[in-house]
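Inspection log for the structure reproduced underneath, given as structure tokens.
The values are calculated or read from the model by the stated rules, or taken from the named source; none is laboratory data. Computed from a prediction, not measured in an experiment: that's the story for all the values here. We place every Cβ from the backbone using ideal geometry, glycine too, and count neighbours over all the protein chains shown. Areas reflect the complete protein model, heavy atoms only, side chains present, ligands, DNA and RNA absent. Shrake-Rupley method; radii C 1.70, N 1.55, O 1.52, S 1.80 Å.
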Amino acid sequence: MGTGGKEHVEPEGLARAAEWLARAERVVVSTGAGMSRESGIPTFRDAMEELWARFDPQELATEAGFRRNPRRVWGWYAGRRRRVMEAEPHPAYFALVELEPLVAEVTVVTQNVDGLHAIAGSHDVVELHGNLRRVKCLDRHHPYSGELPDQDGQAETDPPPCPVCGSPLRPDVVWFGEMLPERAVERAWRRAGECEVLLLVGTSGTVWPAAELPHVARRAGARVIEVNPQPSELTAVADVFLQGAAGEVLPALVRAVAERKRGSE
Ligand code: OAD
């Protein structure tokens, strides 16, 4: 079927998925923590199991937890930020960039806060849960773009004060109990409702409202392709399940789309 035969995924599923993508004009790619695994970024849950396992997520990823103990929460996020800053996009990220000239409109909607899609070169990225590389102040949400002290995340340290209002700085990510950024949600839901194919990569489908996106796309008549080494909560919604790591499956899939496009010219 012209897929090169190198990938481990089931070739028939890959061929069907490639065919849908090659015919599509509007594609949404919805990514979760599994997308960044091969870049060495631990998921929220993995990170919790390491050094900071003794703390409850309610203490580390909520506004109430931050207010109770800003030194602890700032210290934990300093460690996550450092790992994110050191990480680099892997081949699946570049495969999504290579999809752009093959499809009229590609929108990446991510739950990840590492910023790697933009760094890889994806042009239309919607970040549903914010971005760990940015900080803002706790009380007034003033963005802060100055230097931050280099911390290794091994220790609790005071968050610097906002230079505008003096309230402590916090990571610009969505914490439990917080609203998702309105414009990002509006754009993601609109694109999902308009697309012909939604490609779901590396998400367990357990965090809402992000988990609703494939349902939105399905209801609007789109095909849903899932890439994950193991079935997720959303596998039942997928038209095709490509079992495997993003770094293996996405480059193979995009190569197959390119071959189809060349074949139809
Ligand atoms: P999860 O950590 O819940 O799920 C990660 C998914 O990635 C699982 O389904 C894995 O099987 C899959 N996976 C693992 N390795 C992979 C690989 N190499 N390639 C592809 N997939 C792989 O992550 P999310 O569904 O993204 O929310 O949920 C994370 C959200 O929960 C975060 O955005 C955060 C957290 O609570 C907020 O902060 C609001």
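Computed quantities for the displayed model
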{"item": "Highest average packing first - 92-103, 239-250, 130-141, 171-182, Cβ atoms within 10 Å", "result": "239-250, 92-103, 130-141, 171-182"}
{"item": "Rg(Cα) / (2.2 N^0.38 Å) computed for the chain, rounded to two decimals", "result": "1.06"}
{"item": "Where a label projected 7 Å from the Cα of Ile119 along Cα→Cβ would reach, residues of the range 55-94 with amide N under 16 Å", "result": "78-94"}
{"item": "Computed magnitude of the charge dipole of the range 93-138 (debye, nearest 20; Cβ of K, R +1, Cβ of D, E -1)", "result": "340"}
{"item": "Around Arg187: net Lys/Arg minus Asp/Glu count, Cβ-Cβ under 15 Å", "result": "-3"}
{"item": "The range 118-265: Rg to Rh, with Rh as the Kirkwood radius over Cα pairs", "result": "1.06"}
{"item": "At 1.306 mPa s and 10 °C, Stokes D of the range 82-124 from Kirkwood alpha-carbon radius, µm² per second", "result": "145"}
{"item": "Surface share of carbon and sulfur [accessible, 1.4 angstrom probe, percent] for the chain", "result": "49"}
{"item": "Solvent-accessible area per residue, Å², over the range 221-262 with all protein chains present [probe radius 1.4 Å]", "result": "40"}
{"item": "Surface accessible to a 1.4 Å probe, per residue, for the residues of the range 51-107, Å²", "result": "47"}
{"item": "Label point distance in nm, Trp208-His141, each placed 7 Å from Cα along Cα→Cβ", "result": "2.3"}
{"item": "Unmatched cysteines, the chain - criterion: no other Cβ of a Cys under 4.7 angstrom", "result": "Cys165, Cys195"}
